[in-house]
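J.: Have a look at this one.
The values are calculated or read from the model by the stated rules, or taken from the named source; none is laboratory data. Because the structure is predicted, anything quoted here is derived from the model rather than measured. Glycine gets a Cβ as well: all are built from the backbone with ideal geometry, and neighbour counts include every protein chain shown.
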Amino acid sequence: MSQDWDVIIIGAGTAGMPAAIFAAERNAKVLVLETAAEVGGTLHLSSGQMSAAGTRLQKEKGIDDTPTMHIEDIMRISQNTADRDIAGLAVDNAAETLDWLETINFKPLPDHPVKGQAHEPYSVHRYVWGEHLGKSILEVLIPPFESAVASGRVTLKLNTRVTALIQGQDGSVTGVTTQSDDGGSDTYSADSVVIAAGGYVANGAMYKELSGHPAYGDHSYPHCIGDGLNLGLTAGGTAWGHENYLTSFGVVMQSYDVPSKVRCRQIHWPERRMPWEIYINAHGKRFIREDEPSVDVREHAIQEQPDLRHWIVFDSTTLKEAPPLFATVSADDIKAAAENGEPMFYVADSIAALAEKAGLPSDALQETVNAYNDSQGSGQDLLGRKHMPRPVADGPFYAIRSQAFSVSSTVGLKVNTDLQVIREDGTPIAGLYAAGESLGQGAMMGSSFCGGMLVTPALTFGRMLGKSLLPLDQAARAAAE
């Protein structure tokens with residue numbers, strides 16, 4: 001393994017696998033280094049949501065869409081906080097990525113594309129995923145990746161962590177050093193190094209440092225510990241996206257531990273289920289109209305609450321008569337969990353006693369419930385809520401604690417439109433590139449969740465780097481000049 005390589009790819013996930021596949025197609029000599037014992041990275045856990053404009057699928061269904069429309073949607077949804085250049089680069093090349101996936105047997109769900117689900121909707125139908133979510137993508141990437149390995153053009157080393165980048169006197173990156181699980185260490189040189197090592201959500205200390213909040217949810221790929229970001233920064237790169245941290249609206253955790261596994265997810269999307277309950281923050285106050293139609297508004301509202309947390313409060317009649325609050329937890333399950341004192345579920349005969357059990361200020365919660373009941377009776381809510389089918393009036397009373405958290409990394413390595421990692425002064429670090437979650441979600445979609453703008457850019461940038469980072473390509477450019 002002392003030979004030189006054309007390209008070293010750090011990470012065999014959403015960005016790394018396409019990079020290797022396309023580099024191999026051009027006869028590059030590629031070394032892929034993966035910390036885990038298997039390829040795929042976060043695709044094992046991801047929802048696999050993708051978005052692209054001008055795809056073959058859209059054209060077949062008569063959907064008129066363009067990359068310009070897509071980037072304008074992203075800038076609208078993110079309120080101009082996404083990086084237009086980098087997000088635009090992804091969008092301009094996304095259709096080719098989805099079309100390619102279909103040629104290698106990726107199958108979107110039959111009713112796709114859609115405008116959106118879970119996130120703020122797009123203006124047109126451009127949002128797709130497969131039956132097995134992220135694994136639907138992984139299943140079609142594995143055959144061409146394994147074929148490239150079998151051909152000898154790609155060498156894969158699993159259970160191998162990159163510990164440092166090798167740099168020349170001019171700061172250019174010329175290789176890597178590694179540590180394998182069996183204790184061995186090696187050094188490899190290459191013309192180009194691609195950081196595609198994922199994010200840092202499994203690194204609790206790093207997550208808190210970069211986001212300002214604990215990593216509440218234990219729902220991340222265990223090898224996303226920030227290696228890519230650390231390697232790039234140590235080589236002289238700079239980070240971006242700190243200001244764009246955002247979470248989902250909330251889930252119910254299994255325990256009070258931090259982090260904790262997710263027990264269930266409440267249906268808080270009014271378009272799927274209008275709320276009968278009220279949402280209470282740690283101060284015992286309502287903080288949003290519960291039927292707020294904008295997902296983005298709801299997600300920003302929860303971010304302003306102490307500990308990114310709220311309580312769903314309702315009475316026994318609502319428990320019996322309302323549409324199910326959870327897809328996987330019945331009204332009887334809620335009642336039993338609260339009566340048995342299970343974490344996050346509370347029940348009491350009075351609002352004051354409920355507040356004590358749930359850890360909320362009693363007077364404030366009683367005042368809030370009284371005010372809401374008055375609003376429900378008059379039909380005029382101070383927060384503007386329209387759907388108020390009944391008051392919170394019939395004991396026993398219930399509360400369920402909901403926790404907001406994020407499963408992706410906001411902060412990442414700053415790159416230029418050639419995907420070169422750049423220094424604080426904007427100059428590129430020669431030989432060093434980055435793609436995937438190592439770039440951070442903050443660049444791709446700013447301070448809002450834009451559907452498909454993590455997976456699709458990762459695949460797309462991996463493809464683009466695989467098709468360009470070769471001495472052959474450099475020679476062709478020189479000849480053209």
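J.: Of all residues in the stretch 42-66, which are on the phi > 0 side of the Ramachandran plot and either in contact (Cβ under 8 Å) with a residue 40 or more places away in the chain or crowded, with 24+ Cβ neighbours inside 10 Å (or both)? Don't jump to the end; show me each part of the working.
T.: As a first pass, look at the stretch 42-66 and keep what is on the phi > 0 side of the Ramachandran plot: 48, 54, 62.
Answer for the stretch 42-66, where residues must be on the phi > 0 side of the Ramachandran plot and either in contact (Cβ under 8 Å) with a residue 40 or more places away in the chain or crowded, with 24+ Cβ neighbours inside 10 Å (or both): 48, 54.
J.: On to the next question. How about the stretch 126-156: which of its residues are part of a loop (DSSP other than H, G, I, E, B), surrounded by fewer than 19 Cβ atoms within 10 Å (Cβ to Cβ) and of a type outside the set (Gly, Ala, Ser)?
T.: Hits for the stretch 126-156 are 131, 132, 133.
J.: Quick check on my filter: what residues within the stretch 182-209 are part of a loop (DSSP other than H, G, I, E, B) and either under 21 Å from residue 40 (Cβ atoms) or of a type in the set (Gly, Ala, Ser) (or both)?
T.: Quick first cut of the stretch 182-209, residues part of a loop (DSSP other than H, G, I, E, B) only: 182-184, 196-203.
Listed by number, the residues that qualify are 183, 184, 196, 197, 198, 199, 200, 201, 202, 203.
J.: Please give the number of the condition residue 120 fails out of (1) at pLDDT below 95; (2) out of contact with any helix residue (DSSP H, G or I) (no Cβ under 9 Å at 6 or more places or on another chain); (3) charged (D, E, K, R).
T.: Only one criterion in (1) at pLDDT below 95; (2) out of contact with any helix residue (DSSP H, G or I) (no Cβ under 9 Å at 6 or more places or on another chain); (3) charged (D, E, K, R) is unmet by residue 120, namely (2).
J.: I would also like to ask the following. Sort out which residues of the stretch 319-351 are in a helix (DSSP H, G or I) and either surrounded by fewer than 15 Cβ atoms within 10 Å (Cβ to Cβ) or under 31 Å from the mean Cα position of the chain (by Cα) (or both), and write them in order of number.
T.: Just the residues of the stretch 319-351 that are in a helix (DSSP H, G or I), to begin with: 319-321, 331-339, 351.
Scanning the stretch 319-351 gives 320, 321, 331, 332, 333, 334, 336, 337, 339.
J.: So, in the stretch 18-28, how many residues would count as being over 29 Å from residue 185 (Cβ atoms) and in a loop (DSSP other than H, G, I, E, B)?
T.: The number of residues fulfilling the criteria is 2.
J.: Return yes when residue 39 is closer than 17 Å to residue 194 by Cα and crowded, with 24+ Cβ neighbours inside 10 Å and no when it is not. Break it down stepwise before answering.
T.: Values: closer than 17 Å to residue 194 by Cα: yes; crowded, with 24+ Cβ neighbours inside 10 Å: no.
The answer is no for residue 39.
J.: When you scan the stretch 214-243, how many residues do you find that are in a helix (DSSP H, G or I) and either surrounded by 22 or more Cβ atoms within 10 Å (Cβ to Cβ) or modelled with pLDDT of 95 or more (or both)?
T.: Of all residues in the stretch 214-243, those in a helix (DSSP H, G or I) come to 227-234, 242-243.
Next, only the ones that are either surrounded by 22 or more Cβ atoms within 10 Å (Cβ to Cβ) or modelled with pLDDT of 95 or more (or both) stay: 227-234.
Adding up the residues that qualify gives 8.
J.: Answer yes or no as to whether residue 183 is in contact with a Cys (Cβ under 8 Å, 6 or more places away or on another chain) and either on the phi > 0 side of the Ramachandran plot or not assigned by TED's automatic domain parsing to the domain that holds residue 465 (or both). Write out each step before concluding.
T.: Working: in contact with a Cys (Cβ under 8 Å, 6 or more places away or on another chain): no; either on the phi > 0 side of the Ramachandran plot or not assigned by TED's automatic domain parsing to the domain that holds residue 465 (or both): yes.
So residue 183 does not fit the description; no.
J.: Moving on. Examine the stretch 294-308 for a residue that is closer than 11 Å to residue 399 by Cα and β-branched (Val, Ile, Thr), and state whether such a residue exists.
T.: No: zero hits.
J.: Looking at the structure I just gave you, is residue 258 without any contact (Cβ under 8 Å) to a residue 60 or more places away in the chain, under 23 Å from residue 440 (Cβ atoms) and buried (at least 16 other Cβ atoms within 10 Å of the Cβ)? So that I can check it myself, show each step before the final result.
T.: Details: without any contact (Cβ under 8 Å) to a residue 60 or more places away in the chain: yes; under 23 Å from residue 440 (Cβ atoms): yes; buried (at least 16 other Cβ atoms within 10 Å of the Cβ): yes.
It is true that residue 258 is without any contact (Cβ under 8 Å) to a residue 60 or more places away in the chain, under 23 Å from residue 440 (Cβ atoms) and buried (at least 16 other Cβ atoms within 10 Å of the Cβ).
J.: Give me the pairs, please: first residue somewhere in the stretch 215-230 and on the phi < 0 side of the Ramachandran plot, second residue anywhere and basic (Lys, Arg), beta-carbon distance under 6 Å, and either six or more positions apart or on two chains.
T.: Qualifying pairs under 6 Å: 218/261.
J.: Scanning for something surrounded by fewer than 20 Cβ atoms within 10 Å (Cβ to Cβ), in contact with a strand residue (DSSP E or B) (Cβ under 8 Å, 6 or more places away or on another chain) and modelled with pLDDT of 95 or more, does the stretch 268-282 turn up at least one residue?
T.: The initial filter retains those residues of the stretch 268-282 that are surrounded by fewer than 20 Cβ atoms within 10 Å (Cβ to Cβ), namely 269-274, 282.
Now restrict to residues that are in contact with a strand residue (DSSP E or B) (Cβ under 8 Å, 6 or more places away or on another chain): 282.
Filter again for modelled with pLDDT of 95 or more, leaving 282.
Yes, because at least one residue in the stretch 268-282 is surrounded by fewer than 20 Cβ atoms within 10 Å (Cβ to Cβ), in contact with a strand residue (DSSP E or B) (Cβ under 8 Å, 6 or more places away or on another chain) and modelled with pLDDT of 95 or more.
J.: Scanning the stretch 377-407 for residues that are of a type in the set (S, T, N, Q) and either within 30 Å of residue 86 (Cβ to Cβ) or in a strand (DSSP E or B) (or both), which turns out nearest to the chain's Cα centre (by Cα)? Don't jump to the end; show me each part of the working.
T.: The first filter runs over the stretch 377-407 and keeps only residues of a type in the set (S, T, N, Q), leaving 378, 380, 402-403, 406.
If we keep only those that are either within 30 Å of residue 86 (Cβ to Cβ) or in a strand (DSSP E or B) (or both) too, we end up with 402-403, 406.
Working: 402: 19, 403: 17, 406: 7 Å.
Ranking the qualifying residues of the stretch 377-407, first place goes to 406.
J.: Would you be able to tell me the number of residues in the stretch 29-79 that are touching a helix residue (DSSP H, G or I) at 6+ places or on another chain (Cβ under 9 Å), within 22 Å of residue 136 (Cβ to Cβ) and part of a helix (DSSP H, G or I)?
T.: Going through the stretch 29-79 one residue at a time, the tally reaches 8.
J.: Starting from residues that are farther than 19 Å from residue 309 by Cα and among the hydroxyl-bearing types (Ser, Thr, Tyr), keep the ones in the stretch 181-213 and report whichever is surrounded by the most Cβ atoms within 10 Å (Cβ to Cβ).
T.: Filtering the stretch 181-213 for residues that are farther than 19 Å from residue 309 by Cα and among the hydroxyl-bearing types (Ser, Thr, Tyr), the one surrounded by the most Cβ atoms within 10 Å (Cβ to Cβ) comes out as 200.
J.: Another question, then. Report the residue count in the stretch 420-447 for those that are hydroxyl-bearing (Ser, Thr, Tyr) and crowded, with 24+ Cβ neighbours inside 10 Å. Quick ask: steps written out before the conclusion?
T.: At the first step, the residues of the stretch 420-447 found to be hydroxyl-bearing (Ser, Thr, Tyr) are 427, 433, 438, 447.
Still in the list and also crowded, with 24+ Cβ neighbours inside 10 Å: 433, 438.
Selection size over the stretch 420-447: 2.
J.: Continuing with the same structure: Confirm whether residue 293 is under 23 Å from residue 326 (Cβ atoms) and touching a His at 6+ places or on another chain (Cβ under 9 Å). Outline the logic, then answer.
T.: On the way: under 23 Å from residue 326 (Cβ atoms): yes; touching a His at 6+ places or on another chain (Cβ under 9 Å): no.
When the stated conditions are applied, residue 293 does not pass them.
J.: Let me ask another. Suppose we filter 410, 417 for residues that are crowded, with 23+ Cβ neighbours inside 10 Å and in a loop (DSSP other than H, G, I, E, B); which single one remains? Break it down stepwise before answering.
T.: Working: 417 fails: crowded, with 23+ Cβ neighbours inside 10 Å.
After applying the criteria, what remains is 410.
J.: State all residues of the stretch 102-114 that are crowded, with 16+ Cβ neighbours inside 10 Å and either in a loop (DSSP other than H, G, I, E, B) or of a type in the set (Ser, Thr, Tyr) (or both); if no residue qualifies, say none.
T.: Selection gives 106, 112, 113.
J.: Take the residues in the stretch 157-170 that are in a strand (DSSP E or B) and among the charged types (D, E, K, R); name whichever of them is surrounded by the most Cβ atoms within 10 Å (Cβ to Cβ). Full working, then the answer.
T.: First pass over the stretch 157-170, keeping only residues in a strand (DSSP E or B): 157, 160-167.
Within this subset, residues satisfying the condition of being among the charged types (D, E, K, R) are 157, 161.
Values: 157: 15, 161: 18.
By that ranking, first place goes to 161.
J.: Now for a different question. What number goes with the only condition from (1) assigned to a helix (DSSP H, G or I); (2) under 30 Å from residue 180 (Cβ atoms) that residue 95 does not pass?
T.: (2)
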